[in-house]
Amino acid sequence: MKRFFFLPLFSAFVLAVSAQSKVGTLSFIPKVGVNLSNVSGSDIMFAVQQNAVNASPKYKAGFAGGAEFEYQLQPQYSLSLGVLYSLQGCRYKDISDAIAGKAGQYTGYSNMAMNLHYVQVPLLFSGYVAPGLAIKAGLQAGFLLEGKTKYDETKFIVNRDGGTVYDTPFPVSIDIKPTFHTFDMAIPLGISYEYGHVVMDARYNFPLTKAEKEIGSKNKCFTFSVGYKFEILR
């Protein structure tokens, strides 16, 4: 009975060990995933009818995807180089300049988000601490393709009886790329696990450079991805 119990465990261990590439192997890993990003210090302020309305940035989700080449230097070490697309930025809560308990005409801002489209080139060194399990660190260059802030602006009237009448929302899109640096540098730190040919990866990019030109805001980004490893040279 014990023999049959340990057989599945042994088979799983063999699969995990075989997931790690042999020395000298060059692999191609396409991957897709999701970002959780923010832009620290990138508050937005609206001045409407003598009222200053402030909105602080919050984390938002975005698409991430691309491919990496990995070369197995030693049984415990590998080096990888990739090209990834990353939709980053931040979001803001819905705000308005309305004064509580006072009738009048006001403006509301909703669905507000900053969208930053980057192409990133990560160079990573991986150390395998267990079969299939690796810790990663390196350098990453980022190139800003496009940057926009989008929101819906809605005029509304608060009547004396407390009723509210809303106008049709007006979509607003502002090009913010000129206010951002087009080059971004970060230190990616992460962990990955490979089972079979499937690679699950989680990283955080520690920012080294400022995102915006006039203020000290920085990109903050967690990336979670799943890829498939093809061994193209052994």
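The values are calculated or read from the model by the stated rules, or taken from the named source; none is laboratory data. Given the structure is predicted, the values throughout are model-derived calculations rather than measurements. We place every Cβ from the backbone using ideal geometry, glycine too, and count neighbours over all the protein chains shown.
Yes/no per residue for (1) more than 23 Å from Gln140 (Cα to Cα); (2) exposed (fewer than 14 other Cβ atoms within 10 Å of the Cβ); (3) modelled with pLDDT of 95 or more; (4) among the hydroxyl-bearing types (Ser, Thr, Tyr):
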{"position": "Asn35", "(1), (2), (3), (4)": "no, no, yes, no"}
{"position": "Met45", "(1), (2), (3), (4)": "yes, yes, no, no"}
{"position": "Gln49", "(1), (2), (3), (4)": "yes, yes, no, no"}
{"position": "Gly65", "(1), (2), (3), (4)": "no, no, yes, no"}
{"position": "Tyr77", "(1), (2), (3), (4)": "no, no, yes, yes"}
Problem set entry | Long-range neighbours under 6 Å by Cβ, at least six apart or interchain, first residue closer than 15 Å to Gly33 by Cβ and part of a loop (DSSP other than H, G, I, E, B) within segment 189-201, second at pLDDT 95 or above and among the polar types (S, T, N, Q) | none
Problem set entry | Residue in segment 197-222 that is farthest from Leu79 (Cα to Cα), counting only those that are of a type in the set (Asp, Glu) and at pLDDT 95 or above | Glu212
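Got at least one residue in segment 103-119 being part of a loop (DSSP other than H, G, I, E, B), modelled with pLDDT of 95 or more and touching an Asp or Glu at 6+ places or on another chain (Cβ under 6 Å)? Steps first, answer last, please.
Residues of segment 103-119 that are part of a loop (DSSP other than H, G, I, E, B), as a first pass: 103.
Restricting the remaining residues to those that are modelled with pLDDT of 95 or more gives none.
Checked against the condition, which is being part of a loop (DSSP other than H, G, I, E, B), modelled with pLDDT of 95 or more and touching an Asp or Glu at 6+ places or on another chain (Cβ under 6 Å), segment 103-119 yields no hits at all.
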Exercise. Residue check, Ser225 against (1) at pLDDT below 95; (2) surrounded by 14 or more Cβ atoms within 10 Å (Cβ to Cβ), all met but one. Which one?
Worked result: (1)
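For segment 184-230, how many residues meet the condition of being aliphatic (A, V, I, L, M), out of contact with any Pro (no Cβ under 9 Å at 6 or more places or on another chain) and under 18 Å from His117 (Cβ atoms)? Steps first, please.
Taking segment 184-230 first, the residues aliphatic (A, V, I, L, M) are 185-187, 189, 191, 198-200, 202, 208, 211, 215, 226.
Applying the additional criterion that residues be out of contact with any Pro (no Cβ under 9 Å at 6 or more places or on another chain) yields 189, 191, 198-200, 202, 208, 211, 215, 226.
Those left that are additionally under 18 Å from His117 (Cβ atoms): 211.
Total satisfying the criteria: 1.
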Exercise. Which members of segment 80-102 meet the condition of being modelled with pLDDT of 90 or more, more than 20 Å from Leu144 (Cβ to Cβ) and in a strand (DSSP E or B)?
Worked result: Ser80, Leu81
Problem set entry | Extreme residue, surrounded by the most Cβ atoms within 10 Å (Cβ to Cβ), among residues of segment 79-115 that are farther than 24 Å from Pro171 by Cα and hydrophobic (A, V, I, L, M, F, W, C) | Leu84
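Can you confirm whether Glu194 is out of contact with any strand residue (DSSP E or B) (no Cβ under 7 Å at 6 or more places or on another chain) and at pLDDT 95 or above? Before the answer, list the steps.
On the way: out of contact with any strand residue (DSSP E or B) (no Cβ under 7 Å at 6 or more places or on another chain): yes; at pLDDT 95 or above: yes.
Yes; evaluated as a whole, the condition is true for this residue.
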